[in-house]
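Novice: Starting off with a structure, shown below.
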Number of protein chains: 2
Amino acid sequence: MPSTKSDLQTKRVQLRASTALLAGHGHAHPADELERVAAYIREHDITPDNYGTGKVLEEFEREVAELLDMEAARYMPSGCMAQPIALRIWAERVGVFETAFHGTSHLELHEEKGYSALHRLKAHLLGDMGRPTQVADLEGLAPVSSLLIELPAREIGGQLPTWDELVELTRAARKRRIRLHLDGARLWEAGAFYGRPLAEICALFDSVYVSFYKGIGALSGAMLLGSRDFIDEATLWQRRQGGTLYSNLAHIVSAKMRLEPMLARMANYRASAQEIASYWSLVPGVTVVPAVPQVNMFHLIFDGEVEDLMLARDRVAEEHGVWLLNYLNQDEGKARCEITIGDSAAGIPSAKLEAAIAAFAD
Amino acid sequence: MPSTKSDLQTKRVQLRASTALLAGHGHAHPADELERVAAYIREHDITPDNYGTGKVLEEFEREVAELLDMEAARYMPSGCMAQPIALRIWAERVGVFETAFHGTSHLELHEEKGYSALHRLKAHLLGDMGRPTQVADLEGLAPVSSLLIELPAREIGGQLPTWDELVELTRAARKRRIRLHLDGARLWEAGAFYGRPLAEICALFDSVYVSFYKGIGALSGAMLLGSRDFIDEATLWQRRQGGTLYSNLAHIVSAKMRLEPMLARMANYRASAQEIASYWSLVPGVTVVPAVPQVNMFHLIFDGEVEDLMLARDRVAEEHGVWLLNYLNQDEGKARCEITIGDSAAGIPSAKLEAAIAAFAD
């Protein structure tokens, strides 16, 4: 047994590197994607973007706008940049600097409240923390210029409202003249749940943000979509926030070359997540949230202490060659983690997966 | 002669591609730098940065902080992000949301006034537009929390105050308890003029911004430097502005691997700019600003119409194989351009350069 905390850490890094990963897209060398991008640039004779202009960028923006049937699109370095910009624009349109979103929104939890510190927006946090936003959450809500809806809601295990609930919610918001913004950080992953084209989901919204480095697996990057005049305004804000880079070619090309092939895999990722979740649901002391994953992600809630559970994870890795989870957060006497299924799980035979997960209980 | 504007444009793109460039670092394929970065990552076993953390990032920040003898540093995607953040922090420290900078500052001309729209700062524009900021410009200035000084001042041909003028200006500002921020977009290029270590220049300032894609020639990126507490605050603002990317490895590595070797070339670039400027000063109808370049850049002001001058540029390219300038802006009956000398000019024999520039007058 390793004698110090640092030895244990080193052992775990080595162990992880030598096992099959349950979550994510698998082991990769950080130079791999850059080499693929460089080869793609040579093959397609791509000239660099320059301060937010250039053929490769404009073509990619048009491609995503067409896919989602939105009028216009703007590539941005991050969603953290894109989303507060959208809410700021909707606030200025009606002079109401108040917005609303779920209490677990990325804007509330992970962005140092840029929406407030930079854009002077006040946010009303909606609803029950354990379920997605519903139409009932609009009752008694102060006048707001916009409502942000995250599909799927990441912090609650990737839950989605049903199609009817979503239509009801967006209709009720429209009746109140509230602009609808879609936090589509994992929108690509939500298509299979609704069994509808992504454009049909986007049609319910005035503005849409999508991400390229999660399910799509690109180096970084995001896109904001909406009407032409909305995107023109967003482009000004992007410049103001320092998001119009001299060149961002590697990130743009990485997203562009991966989008189509990765979209084709999303339904498989979801099916794989459902299979894996079903194995976990049989492990005593483990709760899967949601019980049946709606997208390619779910949460695991364990009875027990984090360090004991980590040792169980290490043991399974040594005995079965499968790395079941990266981390656990202590959460009111339980331990919790998020599992997102990508390319990696598909490379592990079902029987091996099932045996490894079952062995976690020993 | 090409029959249409589009034919002419195509001809010029081909002509430029087949000639030696006077300005910049020369012709390069956009995949070249990505391939160099990928090779460097493999050679040095670099693991990716992740949301603004990671060994490669922290080591690079420490390296630049040590070089400039500042306490702490933070890599950011752009200067357009870094500089308003610095001014915002200084404003909050004393509760004065007013700042001052030269009328040609990048913040005033090229950033859609993010300093005002995002950070609610009011700017007092200083001085004579044709010379750098001087101590006299502080006379009668309203109370401000910060003063931004750009060294060298790009929009006026890369002019610098003398060392004594700079010391006098910064001392006078300190007496008024004004925080000093250095816009060092081209600080690397200014060292040779002062004949002092860059750290000695930075010691006059409370905060410093430097850029990696101009003289250094990296893909993109910038760094903000200051005290530890200042940088901790700046890191929060970077997150709020959407500048903490999932990964920004290519840009970081490109800057890191180029910094030291490119710094060693700056004095040569400056000497080359002075030689080239001396040839231009002999051409009738051309004014060089400043008459003797202080860094590796200068402006050229031509009598005449832009299109006539462009045709002269094309003719020289065809006859001498040297591409003298990329663009010209009409400026009160004159035409003006900026010339920045990098690696490219060093590959052209002096006699060829001199002959090409002399031929421009014909």
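Novice: When only residues in region B:169-196 that are of a type in the set (D, E, K, R) and closer than 16 Å to B:Glu139 by Cα count, which is surrounded by the most Cβ atoms within 10 Å (Cβ to Cβ)?
Specialist: Taking region B:169-196 and keeping what is of a type in the set (D, E, K, R), we get B:171, B:174-177, B:179, B:183, B:186, B:189, B:196.
Then drop every residue that is not closer than 16 Å to B:Glu139 by Cα, which leaves B:171, B:174-177.
Working: B:Arg171: 12, B:Arg174: 14, B:Lys175: 9, B:Arg176: 11, B:Arg177: 11.
Step by step, filter region B:169-196, then rank; the result is B:Arg174.
Novice: Within region A:304-325, how many residues turn out to be at pLDDT 95 or above, over 12 Å from A:Phe360 (Cβ atoms) and open to solvent by 60 Å² or more (accessible area, probe 1.4 Å)?
Specialist: The qualifying residues number 1.
Novice: If you scan region B:84-96, which residues turn out to be surrounded by fewer than 18 Cβ atoms within 10 Å (Cβ to Cβ) and either closer than 14 Å to B:Gly114 by Cα or within 14 Å of chain A (Cβ to nearest Cβ) (or both)? Before you say what the answer is, go through the steps one by one.
Specialist: Our first condition is that a residue be surrounded by fewer than 18 Cβ atoms within 10 Å (Cβ to Cβ); within region B:84-96, this holds for B:92-95.
Matches in region B:84-96: B:Glu92 only.
Novice: Out of all the residues in region A:219-228, is one or more without any contact (Cβ under 8 Å) to a residue 60 or more places away in the chain and either touching a helix residue (DSSP H, G or I) at 6+ places or on another chain (Cβ under 9 Å) or farther than 25 Å from A:Arg265 by Cβ (or both)? Quick ask: steps written out before the conclusion?
Specialist: Within region A:219-228, the subset without any contact (Cβ under 8 Å) to a residue 60 or more places away in the chain is none.
Among the residues of region A:219-228, not one is without any contact (Cβ under 8 Å) to a residue 60 or more places away in the chain and either touching a helix residue (DSSP H, G or I) at 6+ places or on another chain (Cβ under 9 Å) or farther than 25 Å from A:Arg265 by Cβ (or both), which makes the answer no.
Novice: Please find, among B:Pro30, B:Pro77, B:Pro48, the residue that is within 14 Å of chain A (Cβ to nearest Cβ), over 27 Å from B:Leu225 (Cα atoms) and either charged (D, E, K, R) or surrounded by 15 or more Cβ atoms within 10 Å (Cβ to Cβ) (or both).
Specialist: None of the others qualify; the one that does is B:Pro30.
Novice: Anything in region A:89-129 that is hydroxyl-bearing (Ser, Thr, Tyr) and part of a strand (DSSP E or B)? List them, or say none. Working first, answer last.
Specialist: We begin by selecting, within region A:89-129, every residue hydroxyl-bearing (Ser, Thr, Tyr); these are A:99, A:104-105, A:115-116.
Answer for region A:89-129, where residues must be hydroxyl-bearing (Ser, Thr, Tyr) and part of a strand (DSSP E or B): just A:Thr99.
Table: residues versus (1) open to solvent by 50 Å² or more (accessible area, probe 1.4 Å); (2) under 16 Å from B:His181 (Cβ atoms).
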| residue | (1), (2) |
| --- | --- |
| B:Ile41 | no, no |
| B:Glu61 | no, no |
| B:Leu67 | yes, no |
| B:Ala82 | no, yes |
| B:Phe101 | no, yes |
| B:Glu111 | no, yes |
| B:Lys122 | yes, yes |
| B:Asp128 | yes, no |
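Novice: Shifting gears a bit: For residues that are crowded, with 24+ Cβ neighbours inside 10 Å and farther than 25 Å from B:Glu71 by Cβ, tally how many sit in region B:215-239.
Specialist: 1
Novice: While we're here: Report, by residue number, each residue of region B:130-152 that is open to solvent by less than 50 Å² (accessible area, probe 1.4 Å), touching a strand residue (DSSP E or B) at 6+ places or on another chain (Cβ under 7 Å) and either in a loop (DSSP other than H, G, I, E, B) or within 14 Å of another protein chain (Cβ to nearest Cβ) (or both).
Specialist: Of everything in region B:130-152, those that are open to solvent by less than 50 Å² (accessible area, probe 1.4 Å), touching a strand residue (DSSP E or B) at 6+ places or on another chain (Cβ under 7 Å) and either in a loop (DSSP other than H, G, I, E, B) or within 14 Å of another protein chain (Cβ to nearest Cβ) (or both) turn out to be B:Pro132, B:Thr133, B:Leu141, B:Ala142, B:Val144, B:Ser145, B:Leu151, B:Pro152.
Novice: Let me ask you something else. Let me spell it out: the conditions are (1) in the same structural domain as B:Ala335 (by TED's automatic domain parsing); (2) more than 17 Å from the chain's Cα centre (by Cα), and B:Met297 meets all of them except one. Which number is the exception?
Specialist: In the conditions (1) in the same structural domain as B:Ala335 (by TED's automatic domain parsing); (2) more than 17 Å from the chain's Cα centre (by Cα), B:Met297 misses (2) alone.
Novice: A:Thr235: more than 13 Å from the chain's Cα centre (by Cα) and within 13 Å of chain B (Cβ to nearest Cβ), yes or no?
Specialist: Details: more than 13 Å from the chain's Cα centre (by Cα): yes; within 13 Å of chain B (Cβ to nearest Cβ): yes.
Considered against the rule, which asks whether it is more than 13 Å from the chain's Cα centre (by Cα) and within 13 Å of chain B (Cβ to nearest Cβ), A:Thr235 comes out as yes.
Novice: Follow-up question, since we're still on this one. Can you pull out the residues in region B:239-257 that are facing chain A (nearest Cβ under 9 Å) and not aliphatic (A, V, I, L, M)?
Specialist: Within region B:239-257, B:Arg239, B:Arg240, B:Gln241, B:Gly242, B:Gly243, B:Thr244, B:Tyr246, B:Ser247, B:Asn248, B:His251 qualify.
Novice: Based on what the data block shows, is B:Leu263 in contact (Cβ under 8 Å) with a residue 40 or more places away in the chain and crowded, with 24+ Cβ neighbours inside 10 Å?
Specialist: Values: in contact (Cβ under 8 Å) with a residue 40 or more places away in the chain: yes; crowded, with 24+ Cβ neighbours inside 10 Å: no.
Criteria not met by B:Leu263.
Novice: Considering each residue of region B:213-238, count those that are in contact with a strand residue (DSSP E or B) (Cβ under 9 Å, 6 or more places away or on another chain) and aromatic (Phe, Trp, Tyr), and give that number.
Specialist: Here the count works out to 2.
Novice: Looking only at region B:171-230, which residues are touching a His at 6+ places or on another chain (Cβ under 9 Å), within 20 Å of B:Pro293 (Cβ to Cβ) and outside any loop (DSSP other than H, G, I, E, B)?
Specialist: Matches in region B:171-230: B:Asp183 only.
Novice: Next up: Which of (1) charged (D, E, K, R); (2) more than 26 Å from B:Thr235 (Cβ to Cβ); (3) in contact (Cβ under 8 Å) with a residue 12 or more places away in the chain does A:Glu139 not meet, given it meets every other one?
Specialist: With respect to (1) charged (D, E, K, R); (2) more than 26 Å from B:Thr235 (Cβ to Cβ); (3) in contact (Cβ under 8 Å) with a residue 12 or more places away in the chain, A:Glu139 is out only on (3).
For (1) surrounded by fewer than 20 Cβ atoms within 10 Å (Cβ to Cβ); (2) of a type outside the set (D, E, K, R); (3) touching a helix residue (DSSP H, G or I) at 6+ places or on another chain (Cβ under 8 Å); (4) farther than 20 Å from B:Asp49 by Cβ, each residue gets a yes or a no:
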site	(1), (2), (3), (4)
B:Val167	yes, yes, no, yes
B:Ile201	no, yes, yes, yes
B:Phe212	no, yes, yes, no
B:Gln241	no, yes, yes, no
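Novice: Can you work out which of the residues in region B:288-303 that are of a type outside the set (D, E, K, R) and open to solvent by 70 Å² or more (accessible area, probe 1.4 Å) is nearest to B:Leu187 (Cα to Cα)?
Specialist: It comes out as B:Val292.
Novice: What's the number of the condition A:Ala277 fails, among (1) closer than 24 Å to A:Thr19 by Cα; (2) of a type in the set (Gly, Ala, Ser); (3) open to solvent by 30 Å² or more (accessible area, probe 1.4 Å)?
Specialist: It is condition (3) that A:Ala277 fails.
Novice: Return yes when B:Val253 is in the same structural domain as B:Ile149 (by TED's automatic domain parsing), in a strand (DSSP E or B) and crowded, with 24+ Cβ neighbours inside 10 Å and no when it is not.
Specialist: Details: in the same structural domain as B:Ile149 (by TED's automatic domain parsing): yes; in a strand (DSSP E or B): no; crowded, with 24+ Cβ neighbours inside 10 Å: yes.
For B:Val253, the condition - in the same structural domain as B:Ile149 (by TED's automatic domain parsing), in a strand (DSSP E or B) and crowded, with 24+ Cβ neighbours inside 10 Å - is not met.
The values are calculated or read from the model by the stated rules, or taken from the named source; none is laboratory data. Treat the numbers as computed from the prediction; the structure is a model and nothing was measured. Every residue, glycine among them, receives a Cβ derived from its backbone with ideal geometry; neighbour counts consider all protein chains shown. When the accessible area is computed, the model is the full protein with side chains, heavy atoms only, and any ligands, DNA or RNA have been set aside. Shrake-Rupley method; radii C 1.70, N 1.55, O 1.52, S 1.80 Å.
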